[in-house]
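Some notes on the structure that comes next.
The values are calculated or read from the model by the stated rules, or taken from the named source; none is laboratory data. Note that the structure is a prediction, hence the values are computed from the model and not measured. Using ideal geometry, Cβ is built from the backbone for each residue, glycine included, and neighbour counts are taken over all protein chains shown. Areas reflect the complete protein model, heavy atoms only, side chains present, ligands, DNA and RNA absent. Shrake-Rupley method; radii C 1.70, N 1.55, O 1.52, S 1.80 Å.
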Amino acid sequence: MDLDMLNMFVIAGGTLAIPILAFVASFLLWPSALIRIYYWYWRRALGMQVRYATYDDYQFCYSYRGRPGYRPSILMLHGFSAHKDMWLSIVKFLPKNLHLVCVDMPGHEGTTRSDLDDYSISGQAKRIHQFVECIKLNRKPFHLVGTSMGGNVAGVYAAQYPEDICSLTLICPAGLPSTTDSKFIKQLRELQESKRIDRIPLIPSTPEEMADMLKLCSYVRFKVPQQILQGLVDVRIPHNEFYRKLFLEIVDEKSRHSLHENMSKIKAPTQVIWGKQDQVLDVSGASVLAGAIPDCHVYILENCGHSVVVERPRKTANLILEFLALLHSIDNNKKQA
């Protein structure tokens with residue numbers, strides 16, 4: 001092998017070694033940075049763009065893809081302590097010509113966090129209405145999707161601002177009383193009795209607590225490396241004080257059953273999707289909604305827990321698309337009649 005060839009291999013090896021070493025160093029030393037890069041990459045790959053909208057002195061952070069068209073726009077509201085990027089797994093299976101908007105809920109990620117803000121479910125619904133008006137999303141009625149806490153907010157929004165929406169999808173929504181206590185509710189009761197309410201299962205502070213939370217939220221068992229668990233915790237720890245305040249607000253008497261108190265006012269066609277093995281919010285809530293909302297379509301997913309969006313993204317995306325197609329067909333038939 002001549003010297004030039006040897007130099008070429010050395011240079012090529014060095015060029016490859018630098019990004020590999022950088023990746024390994026990030027994985028071992030800064031796993032939280034790796035997680036942020038992961039979301040940035042998937043937003044970019046899926047064509048989601050991040051923007052900000054301002055209402056008075058309040059800032060909303062959101063991502064979007066596509067433009068409003070003949071089909072309804074879709075607004076997605078995430079759950080407690082999550083962020084807009086949790087929807088990327090579903091966005092992957094939705095047509096690129098659909099107008100999608102994923103917003104950070106009040107106090108989360110890039111949206112304003114203020115000690116003076118009202119974080120009750122009703123207060124959050126009002127903030128989301130401000131966001132909708134900011135970006136003029138309600139020029140035409142849109143389809144609203146919400147999961148868990150976001151499902152509670154979505155249901156209340158549909159009841160309070162019926163003219164804004166044409167249809168609604170609730171995924172394992174909070175805000176309903178249940179005749180059967182979930183594993184999570186039992187854990188909360190035990191913590192209250194032992195006066196250890198500071199250890200809320202949905203607010204992990206260690207990799208071990210993060211692993212427990214993932215087991216609680218998912219039926220599917222994900223084998224997550226210790227470093228990734230550490231990264232997930234590192235990302236959350238600076239916000240845990242806010243999460244505790246928010247949690248106490250949404251389980252307070254004012255918000256605990258907000259969806260239940262408003263569900264009879266929901267007039268839009270509604271789709272309910274629930275994981276049969278949900279350990280956070282019992283699946284019996286689906287029948288409560290079905291009994292109260294006139295045009296309610298219920299889908300119970302087998303072998304699925306609370307994290308429907310993560311566990312069954314393709315199925316969830318298909319169910320939403322099928323529901324919208326059904327409503328479009330019904331609407332056309334009415335026009336032709």
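A few remarks follow.
- Selected residue (criterion: farthest from the chain's Cα centre (by Cα)) from residues of the stretch 277-297 that are within 21 Å of VAL251 (Cα to Cα) and aliphatic (A, V, I, L, M): VAL288
The rows are residues; the columns are (1) within 22 Å of SER120 (Cα to Cα); (2) aromatic (Phe, Trp, Tyr); (3) in a loop (DSSP other than H, G, I, E, B); (4) free of Cβ contacts under 8 Å to residues at least 60 places away in the same chain.
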{"site": "GLU253", "(1), (2), (3), (4)": "yes, no, yes, yes"}
{"site": "HIS260", "(1), (2), (3), (4)": "yes, no, no, no"}
{"site": "ALA268", "(1), (2), (3), (4)": "no, no, yes, no"}
{"site": "TRP274", "(1), (2), (3), (4)": "no, yes, no, no"}
{"site": "GLN277", "(1), (2), (3), (4)": "no, no, yes, yes"}
{"site": "VAL280", "(1), (2), (3), (4)": "yes, no, yes, no"}
{"site": "SER287", "(1), (2), (3), (4)": "no, no, no, yes"}
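- Among the residues of the stretch 311-337, those identified as surrounded by 11 or more Cβ atoms within 10 Å (Cβ to Cβ) and small (Gly, Ala, Ser) are ALA317, ALA325.
- Single residue of the stretch 169-214 satisfying the filter (of a type in the set (S, T, N, Q), touching a Ser or Thr at 6+ places or on another chain (Cβ under 8 Å) and assigned to a loop (DSSP other than H, G, I, E, B)) that is farthest from ALA290 (Cα to Cα): THR180
- Hits in the stretch 297-326 - residues which are among the hydrophobic types (A, V, I, L, M, F, W, C), farther than 19 Å from ASP212 by Cα and assigned to a helix (DSSP H, G or I): ALA317, LEU319, ILE320, LEU321, PHE323, LEU324, ALA325, LEU326
- Top-ranked residue in the stretch 288-306 [being open to solvent by 50 Å² or more (accessible area, probe 1.4 Å) and in contact with a helix residue (DSSP H, G or I) (Cβ under 7 Å, 6 or more places away or on another chain); ranked as nearest to ARG221 (Cα to Cα)]: ILE300
- Subset tally (residues that are buried (at least 24 other Cβ atoms within 10 Å of the Cβ) and among the small types (Gly, Ala, Ser)) for the stretch 168-197: 2
Let's see how each residue does on (1) within 20 Å of LEU170 (Cα to Cα); (2) of a type in the set (D, E, K, R); (3) open to solvent by 10 Å² or more (accessible area, probe 1.4 Å):
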{"site": "MET76", "(1), (2), (3)": "yes, no, no"}
{"site": "TRP87", "(1), (2), (3)": "yes, no, no"}
{"site": "ILE90", "(1), (2), (3)": "yes, no, no"}
{"site": "LEU100", "(1), (2), (3)": "yes, no, no"}
{"site": "ASP115", "(1), (2), (3)": "no, yes, yes"}
{"site": "ARG127", "(1), (2), (3)": "yes, yes, yes"}
{"site": "PRO141", "(1), (2), (3)": "yes, no, yes"}
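- The set of residues in the stretch 215-228 that are aliphatic (A, V, I, L, M), within 19 Å of the chain's Cα centre (by Cα) and part of a helix (DSSP H, G or I) contains only LEU216.
- Long-range neighbours under 6 Å by Cβ, at least six apart or interchain, first residue farther than 16 Å from VAL235 by Cα within the stretch 103-118, second of a type in the set (S, T, N, Q): PRO106/GLN124; THR112/GLN59
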